[in-house]
Amino acid sequence: MQPPVIGYLDRSTIRSVKRLLGSGGIAVLPTDTIYGFHCAASNLEAVARIRRLKGRGIQEGFILLAADCTMASTVVARWPGESRARLAAVWPAPLTAILPARRSLSSILAPGGAVALRVPAHGELRALVEALGEPIVSTSVNVSGREPMTRIAGIRKAFPGLEAYLSHRGRPAGMPSTIVDFRSAVPLLVRAGLYPWAAV
């Protein structure tokens with residue numbers, strides 16, 4: 001068994017993390033909000049492994065991270081109203097958008113035909129997604145129903161055996177992303193978070 005990749009998410013580790021995600025691994029990574037479990041969205045075995053780690057129900061989806069709107073379009077069936085223009089003006093940012101999912105996207109990732117997407121403001125994370133060439137799953141590091149974990153040492157102790165544990169330089173934001181449902185004519189705030197709703 002290979003030792004996990006540790007250190008910081010930066011230009012020196014992106015290649016290693018890309019390789020392990022591409023082979024079905026799971027990485028704890030910093031984001032523009034809080035630490036998250038991450039895997040390639042196309043690897044449903046890795047997605048199921050994250051679900052087991054969190055003790056999460058099968059009816060709950062996951063946030064996907066894309067490098068830009070072009071990559072986001074690979075999993076979005078359509079952009080209702082002015083949603084693409086509005087999101088293109090906001091992203092990258094800690095704002096997650098709920099949009100209609102392509103039928104080809106597994107219901108594991110898009111329950112009820114809806115996908116939750118974000119283009120993260122964390123530059124190295126965005127570079128990793130771009131290097132991988134596909135969206136990645138991102139979900140808070142915690143057992144479902146408990147507070148997200150904010151210390152990498154505690155995360156390694158609570159969730160041993162993962163393929164990478166990469167730290168944040170400085171303190172992470174400590175707040176989750178704002179979630180907005182863009183599927184109707186009037187966007188609906190689902191969860192208040194780090195990004196100010198009034199700015200959308």
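The values are calculated or read from the model by the stated rules, or taken from the named source; none is laboratory data. All figures in this text were calculated on a predicted structure; none of them were measured in a lab. Backbone-built Cβ (ideal geometry, glycine too); neighbour counts: all protein chains shown.
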In the range 1-45, residue farthest from Gly133 (Cα to Cα) [restricted to those that are small (Gly, Ala, Ser) and in contact with a Leu (Cβ under 9 Å, 6 or more places away or on another chain)]: Gly7
Verdict on Thr74 being part of a loop (DSSP other than H, G, I, E, B) and of a type in the set (Val, Ile, Thr): yes
Strands (runs of 3 or more DSSP E) completely within the range 1-46 that count 3 or more residues being farther than 25 Å from Tyr195 by Cα: 5-8
Members of the range 163-188 found to be part of a loop (DSSP other than H, G, I, E, B) and among the polar types (S, T, N, Q), listed by number: Ser177, Ser184
Unique match (being among the polar types (S, T, N, Q) and either in contact with a Cys (Cβ under 6 Å, 6 or more places away or on another chain) or over 29 Å from Ala114 (Cα atoms) (or both)) among Ser144, Ser167, Ser184: Ser167
Given (1) without any contact (Cβ under 8 Å) to a residue 60 or more places away in the chain; (2) closer than 24 Å to Pro160 by Cβ, number of the condition Leu20 does not satisfy: (1)
Subset of the range 130-149 [polar (S, T, N, Q) and part of a strand (DSSP E or B)]: Ser138, Thr139, Ser140
Complete set of residues in the range 128-147 that are of a type in the set (A, V, I, L, M) and farther than 13 Å from Ile14 by Cα: Ile136, Val137, Val141, Val143
Residue check for Ala116: in contact with a Gly (Cβ under 8 Å, 6 or more places away or on another chain) and either under 21 Å from Gly61 (Cβ atoms) or modelled with pLDDT of 90 or more (or both): yes
Only one of Ala72, Ala66, Ala40 that is out of contact with any Phe, Trp or Tyr (no Cβ under 9 Å at 6 or more places or on another chain), among the hydrophobic types (A, V, I, L, M, F, W, C) and closer than 17 Å to Leu109 by Cα: Ala40
Test: residue in the range 53-75 that is polar (S, T, N, Q), farther than 16 Å from Pro187 by Cβ and at pLDDT below 95: yes
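Okay, residues lined up against (1) assigned to a strand (DSSP E or B); (2) surrounded by fewer than 16 Cβ atoms within 10 Å (Cβ to Cβ):
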residue: Arg49; (1), (2): no, no
residue: Arg52; (1), (2): no, yes
residue: Arg56; (1), (2): no, no
residue: Gln59; (1), (2): no, yes
residue: Thr70; (1), (2): no, yes
residue: Arg86; (1), (2): no, no
residue: Pro92; (1), (2): no, no
residue: Ala97; (1), (2): yes, no
Subset of the range 6-27 (residues that are at pLDDT below 95 and crowded, with 20+ Cβ neighbours inside 10 Å): Leu9
Pro160 being assigned to a loop (DSSP other than H, G, I, E, B), under 16 Å from Thr33 (Cα atoms) and out of contact with any helix residue (DSSP H, G or I) (no Cβ under 9 Å at 6 or more places or on another chain): no
Residue check, Ala153 touching a helix residue (DSSP H, G or I) at 6+ places or on another chain (Cβ under 6 Å), free of Cβ contacts under 8 Å to residues at least 60 places away in the same chain, over 17 Å from Val17 (Cα atoms) and not in a strand (DSSP E or B): no
